[in-house]
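Visitor: Next up is a structure, given as structure tokens.
What follows draws every value from the coordinates through simple rules; no lab data is involved. The shown structure was predicted, so the numbers you read here are calculated from the model rather than taken from an experiment. Cβ atoms come from the backbone with ideal geometry, glycine included; neighbour counts cover every protein chain shown.
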Amino acid sequence: MYVGFVIGLDYEDPRLKPFEAFQQFKHHPSIKSLLQGGEILAGGARTVIEGGYQSMPCLEMPGAILAGDAGGTLNTPKIKGIHQAIRSGVTAAEHYAETGTSAGFDRRWRDSAGGRELHKVRNIRPGFRRGLWFGLANAAFETATLGKAPWTLANHADHSALRTLDSYISPDRDWGERELPPRDRLASVFFAATTHEENQPVHLRVADTSICASRCAKEFGNPCTNFCPANVYEMVDDGAGGKRLQINSSNCVHCKACDIKEPYADQITWVTPEGGSGPNYQSL
């Protein structure tokens, strides 16, 4: 049995903890009865590339082609991407076999069945920027008209939606007592079978850590300590009465939420760690 929980990273609440929201979901009476008594075999987290048609980069460059998830081919309303990855891979192979070059692949993909599928649903995800009810009404309209509206709604950067602590009143989320495992974020890291050499360079690069203890703490309450599902980011005592950022990079499950959601856009850069290390999602 698989159970998952998707949260749009354009949420406003700086205090929201997606991992805790997932645990709360699992304890809903309709879900808990299905999970109680079971054993976790594997777990993990990742950011869904849900920008759709208008967020796809140019899929071609000299000597290379972007295909599948790397090219952003996921059908977000369906949360389905495997068929699109196969389609784009086949299209890329056919294109190279016929032309011997990457040039022209971007247009070929957008004109293909996979590209047309993405164009048909291009306005559904950005419609939710105006709230749930508008988003649902817009989704119904786009579905009924097969995406033939004469407009294309723009996406926005997810981090730009985050509100400051003093401008957003977080609701009481009534986090309940937890019975189902894992007991916390660190326990969940075990089920991702993530492995990093402890002495390798930190692959989560923070441009200016002084901002974390000053500006970010005051404005947003260090949201990286909330949205990270693996407890990678911690604010710890600096020994001088203040706080400093501690990066537990060996916990990282490579979801890349930090690179996307940190509020200043240019503070955290996720780079590839050494030796292909990271989570081992064999059974997911």
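Visitor: Could you give me the radius of gyration and the Dmax of the chain, taking only the C-alpha atoms into account and expressing both in angstrom?
Guide: For the chain, the Cα-based Rg and Dmax read 20.8, 66 Å.
Visitor: Of A217, A240, A149, which has the largest mean-square fluctuation in a 10 Å C-alpha GNM of the chain?
Guide: A240
Visitor: How about K243: which lysines have a C-alpha closer than 16 Å to its C-alpha, ignoring those fewer than 8 places off in the same chain?
Guide: Answer for K243, where 16 Å is the Cα cut-off: K218, listed by chain and number.
Visitor: In sequence order, what are the phi-derived ³J(HN,Hα) couplings for region 71-87 according to the Karplus relation 6.51 cos²θ - 1.76 cosθ + 1.60 with θ = phi - 60°, rounded to whole Hz, with x for glycine and proline?
Guide: Couplings: x, x, 8, 4, 8, 5, x, 8, 6, 10, x, 4, 5, 6, 5, 5, 4 Hz.
Visitor: Explain nothing, just compute: Karplus ³J(HN,Hα) = 6.51 cos²θ - 1.76 cosθ + 1.60, θ = phi - 60°, for every residue of region 118-124 in order, whole Hz, x for Gly and Pro.
Guide: 5, 5, 5, 10, 4, 9, 6
Visitor: In which sequence would E94, E39, E117 go, from the one with the fewest C-beta neighbours within 10 Å to the one with the most?
Guide: Arranged by neighbour count, lowest to highest, E94, E39, E117 become E39, E94, E117.
Visitor: Using Cα-Cα distances under 8 Å and only pairs 6 or more residues apart, what relative contact order does the chain have, in percent?
Guide: 24 percent
Visitor: For region 274-284, what does the Karplus curve 6.51 cos²θ - 1.76 cosθ + 1.60, with θ = phi - 60°, yield as ³J(HN,Hα) per residue in whole Hz, taken in order and with x for Gly and Pro?
Guide: Running phi through 6.51 cos²θ - 1.76 cosθ + 1.60 with θ = phi - 60° gives 5, x, x, 6, x, x, 10, 8, 6, 10, 9 Hz.
Visitor: A further question on this structure: Could you name the aspartates and glutamates whose alpha carbon sits less than 17 Å from that of K80, not counting residues in the same chain fewer than 8 places away?
Guide: The reachable aspartates and glutamates, counting only those whose Cα sits under 17 Å from K80, are E50, D69, E117.
Visitor: State to the nearest 20 debye the size of the charge dipole of region 1-90 about its Cα centre, where the only charges are +1 on K and R beta carbons and -1 on D and E beta carbons.
Guide: Taking the Cα centre of region 1-90 as origin, the dipole is about 280 debye.
Visitor: Under a cut-off of 16 Å between alpha-carbon atoms, report the aspartates and glutamates in cross-link reach of K17, not counting same-chain residues fewer than 8 places apart.
Guide: Once the sequence-local aspartates and glutamates are set aside, what remains near K17 is D158, D172, D174, E177, D184, E234, E262.
Visitor: Can you find, among N123, G100, G51, the residue farthest towards the positive end of the dipole of region 29-155? Put +1 on the C-beta of Lys and Arg, -1 on that of Asp and Glu.
Guide: N123
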